[in-house]
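The values are calculated or read from the model by the stated rules, or taken from the named source; none is laboratory data. Computed from a predicted model, the values in this text were never measured in an experiment. Positions of Cβ are backbone-derived with ideal geometry, glycine not excepted, and every protein chain shown enters the neighbour counts. Accessible surface areas use protein heavy atoms only, side chains included; no ligands, DNA or RNA. Shrake-Rupley method; radii C 1.70, N 1.55, O 1.52, S 1.80 Å.
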Amino acid sequence: MCGIVGYIGPRQAQEVLISGLAKLEYRGYDSAGIAIHDGAQIDVKKKAGKLENLSTLLDGQPMSGSLGIGHTRWATHGLPNDTNAHPHATEDGRIVIIHNGIIENYLTLKEGLMSRGHQFKSETDSEVLAHLIEEAYAGNLEEAVRAALAQVRGAYGIVVTHVDHRGIVAARTVSPLVMGVGEGEMFLASDVPALLAYTRNMVFLHDGDMVVLNDDGFRVMDLAGNPQQRTIEHIEWDAEAAEKGGFDTYMLKEIYEQPQALTNTLIGRLHDETGEVNLDINLDPGSFKRISIIACGTAFYAGLVGEYLIEQLARIPVEVDVASEYRYRDPLVSENTLAIVVSQSGETIDTLEALREAKKFGAKTLGVINAKGSSMTRELDDTLYIHAGPEIGVASTKAYTSMVSAFLMLALWLGRARGTLSEEQGAELLKAARELPRLVEEALAPERVARIKEVAEKYATARDYLFLGRGVNSPTAYEGALKLKEISYIHAEAYAAGEMKHGPIALIDENLPVAVIATESRLLEKTISNVQEVRARAGKVILFLSDGDTENARHGDDVIYVPRAHEMVSPVVNAVAMQLLAYFTATALGKDVDKPRNLAKSVTVE
Ligand code: F6R
């Protein structure tokens with residue numbers, strides 16, 4: 001968690017740091033701070049709360065200097081107050097650091113440092129880094145950082161400045177760091193959007209890399225000091241692509257970007273002429289007997305849809321795990337297992353560690369990933385990029401629908417390769433997949449959005465919500481409930497509709513809105529029976545039906561029509577309606593949907 005920015009060059013650093021941090025607030029916004037080296041001393045200013053609090057402070061007293069580091073925090077150790085905000089400096093103010101990650105052995109290190117006379121100001125784990133570097137410093141900052149890092153256990157993206165040096169030293173283990181290469185200037189950040197206003201030439205630092213930045217260049221080495229070659233990649237996203245583009249929020253912008261995101265996911269991969277899917281991966285479809293899908297949160301729900309699609313279309317046994325459980329449950333993994341990790345950021349630590357666990361036992365690994373150059377992509381055998389583009393809104397939207405579409409292609413590819421799917425079935429599904437961008441465009445038609453908004457506002461004061469779906473759309477219900485919880489703070493539960501009678505039915509009364517996904521499917525009749533069970537107990541049914549289903553409309557207190565889609569692709573189309581329901585509920589309640597409380601976009605702590 002946390003966002004990091006660094007700058008060295010001819011510009012005033014304050015401007016670069018603040019504009020970079022503004023692009024990283026999705027990584028945490030408990031506090032923000034910057035440190036600027038003015039040639040004689042390093043000045044630190046930091047403030048609890050969102051970046052605007054720091055900006056207000058700086059309005060009155062701007063900082064001058066062309067070398068600086070900045071941080072936006074998502075608190076792990078220590079309250080989100082001014083003192084615990086980064087940067088952290090040594091007592092004499094000569095060494096200043098920022099850190100993203102967790103130092104697991106910080107308590108032991110802190111005790112040792114205190115016994116040797118170091119005085120700590122904050123309650124953070126990060127502050128030990130400043131003191132360790134101070135202790136190891138004998139005129140060479142690079143060596144001091146190396147010696148300090150040799151003592152720590154955990155995850156870090158760390159950026160360090162010293163008053164005697166015109167340079168920045170940074171290193172990463174687990175936590176991401178990308179370097180921007182300008183002309184006569186250098187940048188560092190946790191993520192690409194922070195730097196796009198200044199450069200598109202980036203170096204993605206690898207796990208275990210250390211880098212020294214000067215005005216005229218950089219040197220990368222490993223943590224033992226051995227030089228490393230890293231290539232400069234040209235990033236095509238322009239700064240505009242990472243901005244709100246006229247929408248009130250990133251989340252809404254990203255909801256509306258879905259037709260484009262889906263086009264990007266599918267493009268060049270579906271071949272109508274031959275009915276083939278080309279995923280450009282090296283995986284041998286006959287080389288495994290079972291599949292483990294591993295992910296967290298929304299990506300986990302995409303994995304559940306993946307399970308359904310792969311088992312249906314390719315007849316391979318699939319199990320889906322929450323990554324934080326997988327790591328510790330001693331899973332049965334062998335060379336016959338294909339482990340598929342699913343992640344928007346490619347940085348989620350639980351998923352990354354689960355990937356390592358699967359690799360340890362010889363599994364083949366494939367990633368369904370959005371972020372290019374992310375940590376997972378460097379450890380996977382193969383990556384199926386979803387190409388959804390940068391996702392800034394904390395609540396995942398376009399990444400989810402792109403992940404589900406990627407699973408559809410994967411299931412199709414496996415099914416055709418393993419002979420479980422006839423050419424005719426393959427062609428039918430390929431056609432359905434190709435329709436997705438258009439169907440989602442239709443799902444976002446103004447009159448449909450207005451209808452969802454109307455229903456969302458009607459129930460916005462509900463205390464609880466229940467979401468129900470069946471078959472391939474039961475994960476859609478789970479995802480709908482998660483979206484609502486995350487951004488509106490309304491308690492929501494989701495169940496496979498047939499499961500409701502085994503317990504959750506006790507919750508139903510006239511105050512409980514029940515959102516039911518009852519679009520065209522083999523199980524529609526059964527779903528409608530479950531709806532009757534809700535209505536018999538006075539629950540308020542919000543019924544999501546396929547266009548033209550007037551027959552079942554009478555079973556809903558409120559009906560929302562969604563574009564009619566092939567059952568196997570319907571989770572993508574239906575998810576859009578779920579996103580909008582959550583979005584308009586949250587905005588009706590005046591919530592800050594892009595920065596929901598307690599959440600951060602990229603969860604790089606366990
Ligand atoms: C929910 C959400 C989270 C993420 C989860 C995994 O809207 O965004 O549940 O899906 O933290 O993140 P990634 O996909 O980056 O691994």
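Considering the range 379-390, the residues that are more than 21 Å from residue 305 (Cα to Cα) and within 15 Å of the ligand (Cβ to nearest atom) include one that is most open to solvent (accessible area, probe 1.4 Å), namely 379. Within the range 346-362, restricting attention to residues that are free of Cβ contacts under 8 Å to residues at least 60 places away in the same chain, of a type outside the set (Gly, Ala, Ser) and more than 11 Å from the ligand (Cβ to nearest atom), the residue that is farthest from residue 602 (Cα to Cα) is 361. Those helices (runs of 4 or more DSSP H) of the range 393-487 in which at least 2 residues are within 16 Å of the ligand (Cβ to nearest atom) and among the aromatic types (Phe, Trp, Tyr), considering only elements entirely within it, cover 398-417. Could you please tell me which pairs satisfy a Cβ distance under 6 Å, a separation of 6+ or placement on different chains, a first residue in the range 142-154 that is in a loop (DSSP other than H, G, I, E, B), and a second residue that is open to solvent by 80 Å² or more (accessible area, probe 1.4 Å)? Here the result reads 153/104, each pair linking the range 142-154 to a residue that is open to solvent by 80 Å² or more (accessible area, probe 1.4 Å). If the condition is being near the ligand (Cβ under 9 Å from one of its atoms) and at pLDDT 95 or above, then the range 321-345 contributes 323, 341, 342, 343, 344. Restricting attention to the range 317-358, the residues that are open to solvent by 10 Å² or more (accessible area, probe 1.4 Å) and under 23 Å from residue 177 (Cβ atoms) total 8. Restricting attention to the range 526-570 and to residues that are of a type in the set (Ser, Thr, Tyr) and open to solvent by less than 20 Å² (accessible area, probe 1.4 Å), the residue that is nearest to residue 431 (Cα to Cα) turns out to be 570.
Say we look at the range 363-372 and pick out the residues that are open to solvent by 20 Å² or more (accessible area, probe 1.4 Å) and assigned to a loop (DSSP other than H, G, I, E, B); which of these is nearest to the ligand (Cβ to nearest atom)? For the range 363-372, the residue satisfying everything is 371.
Matching residues to (1) more than 25 Å from residue 432 (Cα to Cα); (2) in a helix (DSSP H, G or I):
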| position | (1), (2) |
| --- | --- |
| 561 | no, no |
| 567 | no, no |
| 571 | no, yes |
| 574 | no, yes |
| 577 | no, yes |
| 583 | yes, yes |
| 595 | yes, no |
| 598 | yes, no |
| 606 | yes, no |
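Of the strands (runs of 3 or more DSSP E) entirely within the range 176-249, those holding at least 1 residues that are surrounded by 20 or more Cβ atoms within 10 Å (Cβ to Cβ), touching a helix residue (DSSP H, G or I) at 6+ places or on another chain (Cβ under 9 Å) and at pLDDT 95 or above occupy 178-181, 186-189, 209-214.
Residues being on the phi > 0 side of the Ramachandran plot and open to solvent by less than 40 Å² (accessible area, probe 1.4 Å) are represented in the range 8-21 by at least one member. Just to be sure, is residue 309 within 13 Å of the ligand (Cβ to nearest atom) and assigned to a helix (DSSP H, G or I)? Criteria not met by residue 309. Being within 17 Å of residue 177 (Cα to Cα), in a helix (DSSP H, G or I) and in contact with a helix residue (DSSP H, G or I) (Cβ under 8 Å, 6 or more places away or on another chain) is not true of residue 58. Only one entry of 445, 427 meets the criterion of being out of contact with any Gly (no Cβ under 6 Å at 6 or more places or on another chain) and either among the aliphatic types (A, V, I, L, M) or surrounded by 15 or more Cβ atoms within 10 Å (Cβ to Cβ) (or both), and that entry is 445.
The residues listed here are 497, 477; of these, the one that is in contact with a Ser or Thr (Cβ under 6 Å, 6 or more places away or on another chain), farther than 20 Å from residue 599 by Cβ and crowded, with 20+ Cβ neighbours inside 10 Å is 497. Number of residues in the range 155-166 that are in contact with a helix residue (DSSP H, G or I) (Cβ under 7 Å, 6 or more places away or on another chain) and in a loop (DSSP other than H, G, I, E, B): the value is 1. Pairs linking a residue in the range 451-470 that is under 18 Å from residue 545 (Cβ atoms) to a residue that is charged (D, E, K, R), with Cβ atoms under 6 Å and 6 or more positions apart or on different chains, are 455/558; 466/493. Would you mind stating whether residue 302 is within 16 Å of the ligand (Cβ to nearest atom), under 26 Å from residue 434 (Cα atoms) and of a type outside the set (Asp, Glu)? Against the criterion (within 16 Å of the ligand (Cβ to nearest atom), under 26 Å from residue 434 (Cα atoms) and of a type outside the set (Asp, Glu)), residue 302 qualifies.
Looking across 582, 553, 497, 492, one residue alone is under 30 Å from the mean Cα position of the chain (by Cα), more than 16 Å from the ligand (Cβ to nearest atom) and of a type in the set (Gly, Ala, Ser). It is 497.
For residue 339, indicate whether it is in a helix (DSSP H, G or I) and touching a strand residue (DSSP E or B) at 6+ places or on another chain (Cβ under 7 Å). So residue 339 does not fit the description; no. Determine, yes or no, whether residue 316 is within 28 Å of residue 584 (Cβ to Cβ) and either part of a loop (DSSP other than H, G, I, E, B) or without any contact (Cβ under 8 Å) to a residue 12 or more places away in the chain (or both). The answer is no for residue 316.
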